[in-house]
Structures are given as structure tokens and as C-alpha cells.
1. Of all residues in the stretch 15-41 being open to solvent by 10 Å² or more (accessible area, probe 1.4 Å) and part of a loop (DSSP other than H, G, I, E, B), which is modelled with the lowest pLDDT?
2. Of the residues that make up the stretch 87-100, is at least one of a type in the set (Ser, Thr, Tyr) and assigned to a loop (DSSP other than H, G, I, E, B)?
3. In the stretch 42-77, which residues are out of contact with any Lys or Arg (no Cβ under 8 Å at 6 or more places or on another chain), open to solvent by 20 Å² or more (accessible area, probe 1.4 Å) and farther than 21 Å from residue 214 by Cβ?
4. For the stretch 108-124, which positions are free of Cβ contacts under 8 Å to residues at least 40 places away in the same chain and outside any helix (DSSP H, G or I)?
5. Sort through 245, 194 and tell me the only one that's surrounded by 14 or more Cβ atoms within 10 Å (Cβ to Cβ), over 17 Å from residue 34 (Cα atoms) and among the basic types (Lys, Arg).
6. Would the stretch 170-192 turn up any residue that is closer than 29 Å to residue 252 by Cα and among the basic types (Lys, Arg)?
7. Checking residue 130 against (1) open to solvent by less than 60 Å² (accessible area, probe 1.4 Å); (2) in a helix (DSSP H, G or I), which test does it fail?
8. Take the conditions in contact with a Pro (Cβ under 8 Å, 6 or more places away or on another chain) and either outside any strand (DSSP E or B) or free of Cβ contacts under 8 Å to residues at least 60 places away in the same chain (or both) and apply them to residue 48. Does it pass?
Amino acid sequence: MLNVDLHCHSNISDGVLAPAAVAAYARKAGVDVWALTDHDEVSGVAAARAAAAGHGMRFVAGVEISITWARETVHIVGLQIDEANPALLRGLANTRSGRDARGRDISAQLAAAGIPDAYEGALRFVGNPDLMSRTHFARYIVECGKCANIPEVFRKYLSEGKPGYVEHRWATLAEAVGWIRGAGGVAVIAHPGRYRFSDTAEGALFDEFKQLGGAAIEVVTGSHSPDQYPQYARLANDYGFLASRGTDFHAPGESRVDFAQLPPLPGNVTPVWHDWF
């Protein structure tokens, strides 16, 4: 059975390792097929592809696009994309715009909550200045000793209703799916169990996604708990979606599940990669 990981990040977005280092780390953990899916950015794909080839891994070009749906931020992964597609590149550039202003607003709110100089602190963790994210602020807050780990930072400071949360309007679902499909790719809803939707709202998201040409949902992911694997396997089958799998890796020791620890997809789903190789 192939060990396939189709969701992870490098320092091009909010990961810690460079794309080539992520490839080496994934291969050492036994990954056979690997996708780099940085947030709203594809500039690491070429280096990732070359590194994967050097390690004997099959490579899938990917991206993770931030969207706003029902006032929530949702992530749509694009797989098997042409990373040079002009419409995709324009869309991603538009999606990235505004992150710096949002970062400065987050910093101001954190200063009011007793954490000064957060913008400058977060910037030290940023590999790509266009892609400052809450995770970079979280790493700075852990470094300051205000919290023990990143999940604690999000609970106390960076989730909705907390002192450092700043809402941002991303792309629409239709735009993201359109960019991915226009670039020859397959659209996947990332970690659906992570969003705070009711069953009715989740069903509406799945229905709209399918109508737009979305093809798959993540079933086994580091952002799901083990009891959610069979739940989303069932939902994938109920809606006629293919199933994807990925750690959502960001850094050694920081990600919830490392490459070697992620279980395989349940046997009752059709993998999104079933006809790729």
C-alpha cells in the first residue's frame, strides 16, 4: 500500500522547514507520494518537485486556498494543479493581499492584551513576508513564555472572540474551486471536521462544493480525531466524494500528527489518487 500524504506546509507559508527539507523529512518517515500544499502560494512547488524526485518520491503539485464561507474561514486544497496557470496565480495573489494589514491589527490587539511587539516578533518566524499568519504570532507568543504551546495560544488569544483575533475576508468557495479546476486540478475540502458548522451547515457546504465541481474531502488528516475518520468516510460516500489523506504537517514536534503516525484511509472509500498512478 502506498503511503500517500497530500497536505503539508513549508516555510513558504506557515511551516518551519524549506520545501526540500520537508521532502527529505517525509521520505525518511516512509512517504511514497507527497504533495506540498502551502497556503495561498505555489512558489515552493518547483523546489519541492525536484527534492521529491531526488528522494524517489512521486510528487503532486498542490496549494491550500483560504476562503470565507458562512463567515468562517475554510480551506480548499488543490491537487494535481498546474502551478503556472495565470488565473490561479492572480487569484492567489489577490488572496494574499491584506495579510500584512491584518497582522498589524493582530499585533495592536495583542499589545492591548499585554503582549507587546508581536508584529516584529512574528516577523522573525515568517519565511514569506506576504504570508504572515496567526501561526507565526503563535510561535512568538510561545517563545515569550505566555503560553506553553501553539494550541494554547489559539485557545487564549487567536480564535474568534479572543484578544488577538482579527477577521479577514478571503476568496469565495466558487473562486477557489474555479481557480483549481481551471489549473487542471482536483478540489478537496481540507479537514472538514475542524470547522464549527452544524450538521445542516456542513451539508450545505458539501452540496455547494459538489455543485461547483469539488471532488473530494479529507478523511484522514492530522486535524481530525480518530473517531472522525469513519464519520467523514461515511460522509464522503454519502455525497459521492473521493477521500484524501494528509498530515497537515507544519514542523517536527509541532504538528499534531507526524508523517509516520498517520493511519491509512478506511477501506470503504475511494482514494482521490485512485487513478493517478
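1. 16
2. Within the stretch 87-100, one or more residues are of a type in the set (Ser, Thr, Tyr) and assigned to a loop (DSSP other than H, G, I, E, B).
3. 43, 46, 47, 49, 50, 53, 54, 58
4. Selection gives 114, 116, 117, 124.
5. Result of the check over 245, 194: 194.
6. no
7. With (1) open to solvent by less than 60 Å² (accessible area, probe 1.4 Å); (2) in a helix (DSSP H, G or I) applied to residue 130, the lone miss is (1).
8. The answer is yes for residue 48.
The values are calculated or read from the model by the stated rules, or taken from the named source; none is laboratory data. Worth saying up front: this structure is predicted, and the values here are computed from it rather than measured. Backbone-built Cβ (ideal geometry, glycine too); neighbour counts: all protein chains shown. Surface areas here come from the heavy atoms of the whole protein model, side chains and all, with no ligands, DNA or RNA. Shrake-Rupley method; radii C 1.70, N 1.55, O 1.52, S 1.80 Å.
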